[in-house]
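Participant: My questions all concern the structure below.
The values are calculated or read from the model by the stated rules, or taken from the named source; none is laboratory data. This is a predicted model, so every value here is computed, not measured. Neighbour counts run over all protein chains shown; Cβ positions are idealised from the backbone, glycine included.
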Amino acid sequence: MSVAPSRPLLVVGAGIAGITAALEASECGEEVVLVEREPSVGGRALRNHQYFPKLCPPACGIEINTRRLSKSRSVRVLTRSQVSAAELLAAGPTGSGWRVTVRRFAEHVTDLCTACGDCSKVCPVAVPDPFNLGMSRVPAIRIPHVDAWPRRYVMSREACPPGCRVCADACKVPGAIDLAARDRDEVLEVSAVVVATGWAPYPLEKLAELGGGLPDVVANVQLERLAAPAGPTAGKIRRPSDGEAPRRVAFVQCAGSRDVKHLPYCSSVCCLASMKQALYVKEQLPDADVAIYYIDRRSPGRNESMLSRAEAAGVRFVKGKVGKVQPGAGGALVLRVEDVESGRLLEAQADLVVLATGMVPGGDGLSLPVRRDGDGFALDDRATRVFAAGVARRPEDVAASVRDATGAAAKALGAARSG
């Protein structure tokens with residue numbers, strides 16, 4: 001007879017996969033601790049302007065889940081936290097599991113915050129906005145972004161001038177700002193672990209041959225923020241160098257993916273993301289020349305319709321690998337392209353180049369032994385009760401990550417309850 005574990009399930013990462021795993025497990029009667037290193041949940045999905053196939057804002061789907069989190073009595077959410085140590089427990093009356101140390105980073109704005117904004121209005125310091133990938137500046141104390149949950153302000157304390165306390169003096173809620181807060185550790189014993197640490201974009205600076213580092217060469221994740229109403233340009237797609245609307249936009253596929261010098265694997269969603277982003281451009285700038293340079297067009301399942309939508313909008317598809325992007329005359333960017341269908345080498349010009357950078361598995365700084373494949377993606381390990389979910393396990397879109405996380409929760413519960 002199996003014995004139900006008395007320890008909670010640990011879910012590491014509160015993006016769409018981690019939130020899903022936590023909620024699904026809790027609704028099966030499990031206590032869950034959800035650990036997230038950022039000040040709010042939602043992960044990279046929330047940084048999208050729209051997501052496919054419906055092309056709707058991701059906030060609507062995330063909001064449903066944050067409402068479920070806020071009502072749940074069995075999910076404990078620890079933001080600004082990270083697993084800093086882990087020890088595998090020997091099997092006992094409640095099975096094995098893990099003893100983990102969670103580093104709780106200093107919360108200079110406490111859960112007493114009412115998000116009134118008085119502190120931010122008087123803050124004298126501006127810092128690069130992490131949510132907008134550093135493309136705009138925000139006060140050192142601010143709401144993380146418009147859809148942030150928990151709904152409270154966060155402070156970049158390291159940016160504050162010595163002795164500055166204008167935010168605390170402006171706050172009308174006693175205890176809502178704690179300038180003396182310090183990091184602390186919390187030790188937990190958990191029955192199993194779901195690793196949902198998501199992904200990071202392949203760094204532009206490693207793609208110098210494709211113009212990485214030039215002001216008007218941006219990554220696909222940056223274009224999502226440029227198109228978003230809460231982004232650095234209030235949703236207007238503009239050249240970073242001069243703020244002008246681009247007349248020619250080139251999307252370069254497999255920028256670092258399927259390349260033995262960078263990422264050897266396909267990142268799964270880049271083709272679809274570029275088709276979607278090309279539609280952003282055509283909707284805003286219908287007269288702009290928009291071209292997608294690709295090796296293969298990969299748009300599986302229901303997302304196949306994105307291709308016909310992009311073609312109907314006038315997006316040009318050029319089968320050929322871009323080998324180099326460099327500055328040209330008059331501020332233009334020059335692309336050297338192998339046009340496979342014509343069998344020629346071409347030079348094309350653009351005002352804005354968008355690199356479809358690949359997905360790098362997340363989990364940096366996670367002090368938990370996780371089995372990984374040759375590309376760095378996490379693997380399930382039933383023997384130690386560690387299970388992977390979402391893009392921590394493989395490159396995939398939001399819908400697939402949700403399905404994957406549901407499966408990871410089921411596997412973790414099954415292992416924990418088997419004794």
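Participant: Take the conditions under 30 Å from residue 103 (Cβ atoms) and touching a helix residue (DSSP H, G or I) at 6+ places or on another chain (Cβ under 6 Å) and apply them to residue 389. Does it pass?
Facilitator: Working: under 30 Å from residue 103 (Cβ atoms): yes; touching a helix residue (DSSP H, G or I) at 6+ places or on another chain (Cβ under 6 Å): yes.
When the stated conditions are applied, residue 389 passes them.
Participant: Follow-up question, since we're still on this one. Cβ-Cβ below 6 Å, separation at least six or inter-chain, first residue in the range 12-36 and under 16 Å from residue 197 (Cα atoms), second part of a strand (DSSP E or B) and of a type in the set (Gly, Ala, Ser): which pairs?
Facilitator: From residues that are under 16 Å from residue 197 (Cα atoms), the pairs are 35/81.
Participant: Next question, about the same structure. Which residues, taken from the range 28-78, are charged (D, E, K, R) and farther than 23 Å from residue 190 by Cβ?
Facilitator: First, the residues of the range 28-78 that are charged (D, E, K, R): 30-31, 36-38, 44, 47, 54, 63, 67-68, 71, 73, 76.
Hits for the range 28-78 are 44, 47, 54, 63, 67.
Participant: I'd like the full set of residues that are part of a loop (DSSP other than H, G, I, E, B) and either touching a Leu at 6+ places or on another chain (Cβ under 8 Å) or crowded, with 22+ Cβ neighbours inside 10 Å (or both), limited to the range 25-38. Break it down stepwise before answering.
Facilitator: Step one: list which residues in the range 25-38 are part of a loop (DSSP other than H, G, I, E, B), which gives 27-31, 36-38.
Correct list: 28, 30, 31, 36.
Participant: May I ask you to say which residue of 290, 322 is in contact (Cβ under 8 Å) with a residue 24 or more places away in the chain, in contact with a Leu (Cβ under 6 Å, 6 or more places away or on another chain) and among the hydrophobic types (A, V, I, L, M, F, W, C)? Steps first, answer last, please.
Facilitator: On the way: 290 fails: in contact with a Leu (Cβ under 6 Å, 6 or more places away or on another chain).
Result of the check over 290, 322: 322.
Participant: Let me ask something additional. Could you figure out which of (1) assigned to a loop (DSSP other than H, G, I, E, B); (2) more than 29 Å from residue 68 (Cβ to Cβ); (3) charged (D, E, K, R); (4) without any contact (Cβ under 8 Å) to a residue 40 or more places away in the chain isn't true of residue 172?
Facilitator: (4)
Participant: Name the pairs whose Cβ atoms lie under 9 Å apart, with the first residue in the range 190-215 and part of a strand (DSSP E or B), the second acidic (Asp, Glu), and 6 or more positions between them or separate chains?
Facilitator: Filtered contacts from the range 190-215: 200/364.
Participant: If a residue counts only when it is touching a helix residue (DSSP H, G or I) at 6+ places or on another chain (Cβ under 6 Å), which strands (runs of 3 or more DSSP E) contained entirely in the range 67-131 have at least 1 such residues? First the steps, then the outcome.
Facilitator: Working: elements: 75-78, 81-89, 97-104, 126-128.
Hits in the range 67-131: 75-78, 126-128.
Participant: Within the group 74, 70, which residue is touching a Pro at 6+ places or on another chain (Cβ under 9 Å) and without any contact (Cβ under 8 Å) to a residue 60 or more places away in the chain?
Facilitator: Working: 70 fails: without any contact (Cβ under 8 Å) to a residue 60 or more places away in the chain.
74 is the lone residue from the list that is touching a Pro at 6+ places or on another chain (Cβ under 9 Å) and without any contact (Cβ under 8 Å) to a residue 60 or more places away in the chain.
Participant: If you don't mind, there's one more thing I want to ask. I'm trying to understand the selection: among the residues of the range 336-346, which are among the acidic types (Asp, Glu) and over 34 Å from the mean Cα position of the chain (by Cα)?
Facilitator: Just the residues of the range 336-346 that are among the acidic types (Asp, Glu), to begin with: 338-339, 341.
Answer for the range 336-346, where residues must be among the acidic types (Asp, Glu) and over 34 Å from the mean Cα position of the chain (by Cα): just 341.
Participant: Still on this structure, I have one more. Based on what the data block shows, is residue 228 surrounded by fewer than 16 Cβ atoms within 10 Å (Cβ to Cβ) and hydrophobic (A, V, I, L, M, F, W, C)? Please lay out each step first, then the result.
Facilitator: Numbers: surrounded by fewer than 16 Cβ atoms within 10 Å (Cβ to Cβ): no; hydrophobic (A, V, I, L, M, F, W, C): yes.
So residue 228 fails the test.
Participant: For the range 310-323, indicate whether the set of residues that are modelled with pLDDT of 95 or more, assigned to a strand (DSSP E or B) and over 29 Å from residue 51 (Cα atoms) is non-empty.
Facilitator: No: zero hits.
Participant: Do you know which of the residues in the range 266-282 that are outside any helix (DSSP H, G or I) and touching a Ser or Thr at 6+ places or on another chain (Cβ under 7 Å) is surrounded by the most Cβ atoms within 10 Å (Cβ to Cβ)? Outline the logic, then answer.
Facilitator: Taking the range 266-282 as the starting set, the residues that turn out to be outside any helix (DSSP H, G or I) are 266-269.
Going one step further and asking which of them are touching a Ser or Thr at 6+ places or on another chain (Cβ under 7 Å), we end up with 266-267.
Values: 266: 17, 267: 27.
This residue is 267.
Participant: Taking into account only those residues within the range 385-419 that are among the hydroxyl-bearing types (Ser, Thr, Tyr) and either at pLDDT 95 or above or buried (at least 23 other Cβ atoms within 10 Å of the Cβ) (or both), which is farthest from the chain's Cα centre (by Cα)? Before you say what the answer is, go through the steps one by one.
Facilitator: Taking the range 385-419 and keeping what is among the hydroxyl-bearing types (Ser, Thr, Tyr), we get 401, 406, 418.
Narrowing the set further to residues that are either at pLDDT 95 or above or buried (at least 23 other Cβ atoms within 10 Å of the Cβ) (or both) leaves 401, 406.
Values: 401: 12, 406: 19 Å.
Per the criteria, the residue is 406.
Participant: Checking the structure you have, find out if any residue of the range 183-204 is basic (Lys, Arg), more than 28 Å from residue 229 (Cα to Cα) and loosely packed, with under 14 Cβ neighbours inside 10 Å. Break it down into steps so the answer makes sense when it comes.
Facilitator: Step one: of the range 183-204, the residues basic (Lys, Arg) are 184.
Cutting the leftovers down to more than 28 Å from residue 229 (Cα to Cα) gives us 184.
Within this subset, residues satisfying the condition of being loosely packed, with under 14 Cβ neighbours inside 10 Å are 184.
Within the range 183-204, one or more residues are basic (Lys, Arg), more than 28 Å from residue 229 (Cα to Cα) and loosely packed, with under 14 Cβ neighbours inside 10 Å.
Participant: If you don't mind, there's one more thing I want to ask. Being outside the structural domain of residue 40 (by TED's automatic domain parsing), within 16 Å of residue 36 (Cα to Cα) and surrounded by fewer than 20 Cβ atoms within 10 Å (Cβ to Cβ) narrows it down to one residue among 137, 151; which is it? Break it down into steps so the answer makes sense when it comes.
Facilitator: Details: 137 fails: within 16 Å of residue 36 (Cα to Cα).
Within the list 137, 151, the selection yields 151.
Participant: Here is a follow-up. Could you tell me how many of the residues in the range 59-85 are crowded, with 21+ Cβ neighbours inside 10 Å and in contact with a Phe, Trp or Tyr (Cβ under 6 Å, 6 or more places away or on another chain)?
Facilitator: 1
Participant: Show the residue pairs that are 6+ apart or on different chains and have beta-carbon atoms under 7 Å apart, the first residue being within the range 357-376 and on the phi < 0 side of the Ramachandran plot, the second being charged (D, E, K, R).
Facilitator: So the pair list comes out as 371/381.
Participant: Next question. Can you find even one residue in the range 251-267 that is charged (D, E, K, R) and in contact (Cβ under 8 Å) with a residue 12 or more places away in the chain? If you could, list the steps in order and put the result at the bottom.
Facilitator: The initial filter retains those residues of the range 251-267 that are charged (D, E, K, R), namely 258-259, 261.
Retained after the next criterion (residues that are in contact (Cβ under 8 Å) with a residue 12 or more places away in the chain): 258.
Scanning the range 251-267 turns up at least one residue that is charged (D, E, K, R) and in contact (Cβ under 8 Å) with a residue 12 or more places away in the chain.
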